[in-house]
Amino acid sequence: MQQPEDILKENERLLNREQQMEDVGRAFRNGDVDATTDQHAASAANRLHVSEIRYRRLFEAAHDGILIVDPGTRKIIDANPFMVNLLGYSLAEMVGMEIYEIGLFSDARANQDMFQILKATGQIRYENLPLQTENGALREVEVVANRYDENGHSVIQFNVRDITERRQAQKALADSDKRFRLALDNSPITVFEQDTDLRYTWIYNPKLGYEVSSFIGRTDTELMEAAHARQLTTIKRGVLKTGQSVSRDVTVAAPGTPNSHFNLTVEPRRGPDGQIEGIICTAVDLTERKHAEAALREREALQAFVIRLSDTLRAEPSAEAMTERALRMLFDEMRLDRCYVGVYRLAEDIGEFPHQIHDDRLPPLPARVRLSDFPEALQVAFKRTHVTDDIAKMAGLSDSERASFTGLGIGAMINATLRRGENNPLWAIVAVSASPRVWTPNEVSLVEEVAERTWAAVNRARAKDRLQIAHDTFRNLVDLSPFGTYIVDADFRLIQISDGGKKAFADVRPLIGRDFTEVVGAIWPEPFASEVIARFRHTLATGEPYKAITNERRADIEATEAYDWKIERVILPDGRPGVVCHFYDYSEKQQQEDRIKLLMGEVNHRSKNMLGLIQSIARQTVKTQPEQFLEVFGQRLQALDLPDQLGVRRPRR
């Protein structure tokens with residue numbers, strides 16, 4: 001495609017050629033040539049005709065639009081086929097139109113101004129003008145206009161080049177470049193070139209904290225840590241030597257800065273002759289991904305440790321053993337210098353350190369301190385978690401407290417506290433480094449997790465111990481009770497019986513663990529057995545207690561036994577309800593009472609007989625010896641053996 005400069009040159013050549021032809025034709029028409037020159041004139045005319053034909057063919061075959069305009073009327077007097085096809089008008093429609101009517105200028109005034117400039121300068125050029133086609137579509141064009149004479153008349157030739165596709169391509173390229181740069185600016189990718197001496201010649205989106213100007217003209221040795229620069233130089237010189245592309249993960253850092261990680265791709269950069277002139281590289285920043293992968297691996301390792309810790313703690317026999325084991329495992333896992341448990345009793349102004357593990361080079365912590373002696377340090381315990389990378393820089397500590405920490409070999413610490421309420425610390429696990437240490441988020445989370453799990457395990461163990469003690473106490477109270485006590489569980493099995501109650505079930509075997517319906521049926525006959533079973537089931541289901549005194553004949557020993565018994569629902573150690581029965585066997589007492597009643601009846605009977613005898617003696621005495629009644633009556637009574645008559649044994653003398 002011709003450039004604007006080519007249009008100007010071609011236009012100028014055509015104008016000069018046409019001017020020459022116009023001069024020859026004018027001379028021939030005016031008779032300014034004599035007969036001696038007729039032959040030459042004829043030849044010139046012929047050449048003129050040929051030139052006109054050629055010019056017309058060029059005019060019609062041109063791949064740019066050409067408009068011929070009358071400067072006086074400013075109307076189009078001719079247009080080439082390309083212009084006709086471009087605009088969509090017929091030639092007849094275009095002839096007579098003004099330039100602004102086909103959209104080359106915004107209005108008639110701008111159109112008039114253009115002609116004034118063209119009249120003064122003879123030539124004018126526009127790089128971007130809108131052109132409106134017959135169907136209303138807009139095209140972008142470049143226009144070069146020249147004024148010249150034709151057959152004694154001035155005309156203006158407009159050479160119009162359609163640059164719509166070029167502008168669209170340029171815009172698409174610009175948009176693509178903008179998107180590319182925007183993508184690079186917001187991506188982890190750096191693109192750069194280096195010459196054969198490995199000096200940077202161009203770089204886009206630099207990293208490592210450098211500006212573009214810091215790279216240009218310098219080598220990796222001047223920009224990177226020495227070991228990293230050697231690694232990069234080896235890779236790049238290998239590409240220069242072999243001409244083969246290389247892609248590799250590398251670690252780089254500017255002096256005094258943290259390491260960065262990149263995936264580096266190095267390709268040879270060749271000149272027009274195919275010779276290697278340098279390298280072109282892309283470096284994808286992997287630093288965040290590498291850090292995330294490292295953090296993930298660390299987190300997975302810590303999670304595995306926590307699971308292992310939980311399994312280990314379950315196997316320990318006591319709460320104290322659990323705490324010691326947790327501290328030891330945390331101490332080894334994090335490579336600590338000290339690890340301990342702090343117990344806080346604010347009301348008593350006491351802080352205790354009952355469990356601690358430390359490096360042999362460090363002194364042990366005191367077993368107990370007075371909290372008021374360390375008011376600023378105590379504030380650490382009020383937070384859920386306090387992290388200090390350097391005790392020497394920790395704000396709020398007094399000089400004495402700082403000296404105490406230093407003397408105990410505490411340079412950095414993580415204090416994970418369990419609290420009851422905002423300002424009520426109870427218990428903490430503290431991880432300590434003897435020197436300053438930057439703790440990672442995963443390390444902080446690990447100490448918190450160990451503190452919570454250990455606290456939970458210790459409290460479960462202590463609760464279990466208390467429950468076992470209560471269970472043993474309960475069982476002992478039942479087993480050793482001199483009274484009758486037994487328990488039926490939620491499955492209606494007899495599961496426990498006291499020593500004092502075993503006699504009542506002596507003939508039932510097996511007893512413990514047996515269905516209570518079978519036990520009752522083996523001892524008592526119907527319908528009493530069914531009544532007892534129904535009463536137990538009702539209490540188990542509703543919790544309603546029941547109390548009764550019964551005197552029934554047993555089915556197993558053919559004897560009548562009397563019981564005072566009471567049942568009520570209880571919650572058993574397995575968390576389910578059961579029924580406990582308390583009973584008192586007063587069969588022997590009942591038998592004694594029956595014997596006493598029998599004896600009393602016999603005594604009563606004999607007393608009545610003796611009373612009748614006495615009355616008979618009295619009546620006889622009164623009849624025969626009334627004057628001596630008392631004396632004779634008394635003698636006769638003394639003659640009676642009253643104890644023998646009443647069945648009472650005389651005491652021995």
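Here are some pairs, LYS75/LYS119; LYS503/LYS566; LYS547/LYS597; LYS502/LYS566; which of them have Cα atoms lying more than 21 Å apart in this structure?
Values: LYS75/LYS119 15 Å; LYS503/LYS566 18 Å; LYS547/LYS597 27 Å; LYS502/LYS566 17 Å.
The answer is LYS547/LYS597.
Sorted from largest to smallest, which semi-axis lengths in Å does the alpha carbon gyration tensor of segment 288-386 give for its equivalent ellipsoid, taking the root of 5 times each eigenvalue?
Values: eigenvalues 170, 73, 38 Å².
Calculated on Cα positions only, the semi-axes equal 29, 19, 14 Å.
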Inset, instruction - Take the Cα atoms of segment 496-538, find their three principal axes, and give me the spread along each one in whole Å, biggest first. - result: 26, 20, 17
Legend entry - Using a Förster distance of 25 Å, the FRET efficiency for GLU518-ALA541 (Cβ separation, nearest 0.05): 0.80
Inset, instruction - For segment 337-410, report the translational diffusion coefficient in µm²/s to the nearest whole number, using Stokes-Einstein at 37 °C, 0.692 mPa s, and a Kirkwood Rh over Cα pairs. - result: 250 µm²/s
Legend entry - Directionally averaged projected area (convex hull, Cα atoms, segment 520-573), nm²: 4.2 nm²
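How large is the charge dipole for segment 142-250, taken about the Cα centre, if only the Cβ atoms of Lys, Arg (+1) and Asp, Glu (-1) carry charge, to the nearest 20 debye?
Values: 16 positive and 16 negative charges, 75 e Å.
Its charge dipole is roughly 360 debye.
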Legend entry - Coarse-grained scattering of segment 373-467 at q = 0.11, 0.12, 0.15, 0.18 Å⁻¹, given as base-10 log I(q)/I(0) from a Debye sum over alpha-carbon atoms: -0.36, -0.43, -0.63, -0.85
Legend entry - Candidate lysines for bridging to LYS290, where Cα separation is under 25 Å - those fewer than 8 sequence places away on the same chain excluded: LYS207, LYS236
Inset, instruction - Just read off the accessible area of ARG437 with the full protein assembly in place, 1.4 Å probe, to the nearest 10 Å². - result: 50 Å²
Inset, instruction - Report the normalised scattering of segment 64-110 as log10 I(q)/I(0) at q = 0.22, 0.30 Å⁻¹, calculated by the Debye formula with identical scatterers on the alpha carbons. - result: -0.72, -1.20
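Based on the Cα atoms of segment 163-266, what semi-axes does the equivalent ellipsoid have, where each is the square root of 5 times one gyration tensor eigenvalue, given in whole Å with the largest first? Spell out each step's value before the answer.
Values: eigenvalues 185, 56, 32 Å².
Gyration-tensor ellipsoid for segment 163-266: 30, 17, 13 Å.
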Legend entry - Accessible-area composition of segment 307-408, carbon plus sulfur, in percent [1.4 Å probe]: 52 percent
Legend entry - Ratio of the Cα radius of gyration of segment 193-341 to 2.2 N^0.38 Å, where N counts its residues: 1.64
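Determine, for each peptide in 442-453, 265-276, the mean count of other beta carbons within 10 angstrom over its residues, then list the peptides with the highest first.
442-453, 265-276
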Inset, instruction - Name the residues whose placed amide hydrogens come within less than 5 Å of the amide hydrogen of LEU426, ignoring near sequence neighbours (fewer than 5 apart) on the same chain. - result: LEU418, ARG419, ARG420
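Report the semi-axes of the equivalent ellipsoid for segment 201-257 in whole Å, largest first, where each axis is √(5λ) for an eigenvalue λ of the Cα gyration tensor.
Working: eigenvalues 80, 40, 22 Å².
In descending order, the three semi-axes are 20, 14, 10 Å.
The values are calculated or read from the model by the stated rules, or taken from the named source; none is laboratory data. These numbers were taken from a predicted model, which means no experiment stands behind them. Cβ coordinates were reconstructed from backbone atoms using ideal geometry, including for glycine residues, and neighbour counts include every protein chain displayed. All accessible areas refer to the heavy atoms of the entire protein, side chains included, with ligands and DNA or RNA removed. Shrake-Rupley method; radii C 1.70, N 1.55, O 1.52, S 1.80 Å.
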